[in-house]
Amino acid sequence: MNPPRTDRGRLLLLLALATAVTAFTATVPLLRDWFDLRVYYGTVDSWIHHGGRIYDYRVPGTTYGFTYPPFAAVAMLPMALLPLSAAIAGSVLLNAAALAWIGRILTGRRLSRFGWYGAGLAVCGLALFEPVRDTFSFGQVNLLLLALVLTDAWLLATGRGSRAGWGIGLAAAVKLTPALFIGLLLLAGRRRAAAVATAVATGATALAVWVAPDASRFYWTRAMWDTTRVGRLDYVSNQSLQGILARLGETDRAAWAVAVLLVLGVWAVRARGAADAGEWTAAFALTGLTACLISPITWVHHLVWLLPALAVLVRAGHPRVAGALYAVLCTSVVWLWFDDASGVDGFLGSNTYTWITLGLLLWLPTGQPRAARFRLPRRAKATTAAPSVDEPTTSPARVQPGSLSGTGATAAGSAAGPGRGLTRRASSEPTAATCPAAPNPQSSSSRASSYTAKPPPA
């Protein structure tokens, strides 16, 4: 079907798509009622206004509380000045701004050529993408972290490597998973950027220690190592290697460790090759995929880290493959096995998103399509300036305006959440930043012992 050529036809098409998307999001996926944002808000409010402790707070009527490093709570302190409704509005606006910046980095100037029509199509498409829509409706921070990390990718790809590292450092201080990008910088020989990222993450963590010493001590010595605080490993929303093993009934950590080492080996080879060739978009995309696979728990909404990999596919000349994978990630298909993930169909279907992530890690293109390769203009001089020691000598895409590299995207977290035994309901099923009652809460008060987790669903 040919696209409409008139503004009226385009407007009618956008209205039809917007209606269909609205009907879909209102009926098919469960809306999350900003549950995780309520956890953040309640934690900060209890801490600042009621003298509570960060890791003792629980959303009333639930066993869910804060699970991020203490710096995340420090960064969220401005919410203490706002009513909940304003915090929700702020979350929506920040996520929308982050998504717009991510789209600008990944598409360059390509989408802007289509003006309001292209922007409308992009909004409709992203509204269907399960990780994105859940990040919005949970009030999660995934898109903000992805935007921070991709900013460093953009700096590296556009010859501004001396300024890179801040985004990765801040993201790693808020959540531990983005710290893998520091490893990418080391693999690529970008020691300055790696040092900046490490210093920023360390400084932010030190600030949290100064502001909340008791919470910091509790997190780094106990909470960080207790995966049961985050959720059930076998819950269908956990689309990581550990999730696959847990749904198979494999509880031996040695098996998971071997799988992680194999994935890290593949990542090191592929990401190093992409970075050496100046393909920063592909290198960051591979790192995001790897972070999702090796994390003990990767809820479906964490899979926003797959967006850069899909953009790499499109710009590498595989739009149909990217479209097919994107469509699957819009379907909430893994939830068909919410109650029972046994059997061959359960093994294959309940881990669908993990298979996609693993496939992208193994086969994501890291070379430039021939049409995208840079050619010197005819009037260029025969001699060129010596390359900077801080930049790769083969990075043709770096001089292409409006893009990260010849292949396109960069690094790549729906659903109902960690599933700690609650009935699956639209407004009460959290993910990622929420957690069950800690067996060893930060507070030593007797009230902490009254929190008990509900039994898992039958």
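No lab work stands behind these numbers, since they all come straight from the coordinates. In this text the structure is predicted, and so the values were computed from the model without any measurement. Methodologically, a virtual Cβ is constructed for each residue, glycine included, from the backbone with ideal geometry; neighbour enumeration extends over all protein chains shown.
Quick notes on this one:
- Kirkwood-type radius of the stretch 146-284, with distances r between different C-alpha atoms, in Å: 16.8
- Over the stretch 1-86 - Rg/Rh using Cα atoms and the Kirkwood inverse-distance radius: 1.28
- Kirkwood Rh in Å, taken over all unlike Cα pairs in the stretch 208-284: 15.5
- The label-point distance for residue 8 and residue 276, in a model that sets each label 7 Å from Cα toward Cβ, rounds to 5.9 nm.
- Subtracting the Cα-Cα distance of residue 333 and residue 266 from 0.36 nm times their residue separation leaves 21.4 nm of extension gain.
- Along the stretch 151-159 the Karplus relation, 6.51 cos²θ - 1.76 cosθ + 1.60 evaluated at θ = phi - 60°, assigns HN-Hα couplings of 4, 5, 4, 5, 4, 5, 6, 9, x Hz to successive residues, with x for each Gly and Pro.
- Whole-number Å³ per residue for the convex hull built on Cα positions in the stretch 55-179: 137
- Vicinal HN-Hα couplings computed from phi for the stretch 272-287 (Karplus, 6.51 cos²θ - 1.76 cosθ + 1.60; Hz; Gly/Pro x): 5, x, 5, 5, 4, 8, x, 8, 5, 4, 5, 4, 5, 4, 4, 5
- Spin-label model, residue 251 to residue 23: label points 7 Å out along the Cα-to-beta-carbon direction sit 4.8 nm apart.
- Peptides ranked, highest mean first, by Cβ atoms within 10 Å: ranges 275-286, 320-331: 275-286, 320-331
- For the stretch 125-184, the Rg and Dmax computed from alpha carbons only, in angstrom: 13.0, 37
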